[in-house]
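The next block holds one structure in the form of structure tokens; read it before the comments.
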């Protein structure tokens, strides 16, 4: 198991009660595995079906691999205008 640090922004920080969390996952791990682990935490059930996660400053797809040390952030919904 490896530790992954995830920054939580805006509403997600409120829902999960922290601005940053450490999540243990087996290696290799995917974005989907990480979001599933976040959903299992108190408050995590309120996350959307497919939350947007950034990996190293780029939007990541659910099947993308993540590594310990990656910069991970759960982004709030983005709106254009």
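I'd like the projected area of the chain, averaged over all directions, using the convex hull of its alpha carbons. Report it in nm² with one decimal.
5.1 nm²
Express the relative contact order of the chain as a whole percentage, based on alpha carbon pairs under 8 Å and six or more residues apart in sequence.
38 percent.
Would you list 32, 45 from fewest to most Cβ contacts within 10 Å?
45, 32
Using label points projected 7 Å from each Cα along Cα→Cβ, tell me how many nm separate residue 39 and residue 22, to one decimal.
Simple spin-label model gives 2.6 nm for this pair.
Readers should treat all values here as calculations from the given coordinates under stated rules, not as data from a laboratory. Model, not experiment: these values are computed from the prediction. A quick note on method: Cβ atoms are made from the backbone with ideal geometry, for glycine too, and the neighbour counts reach across all protein chains shown.
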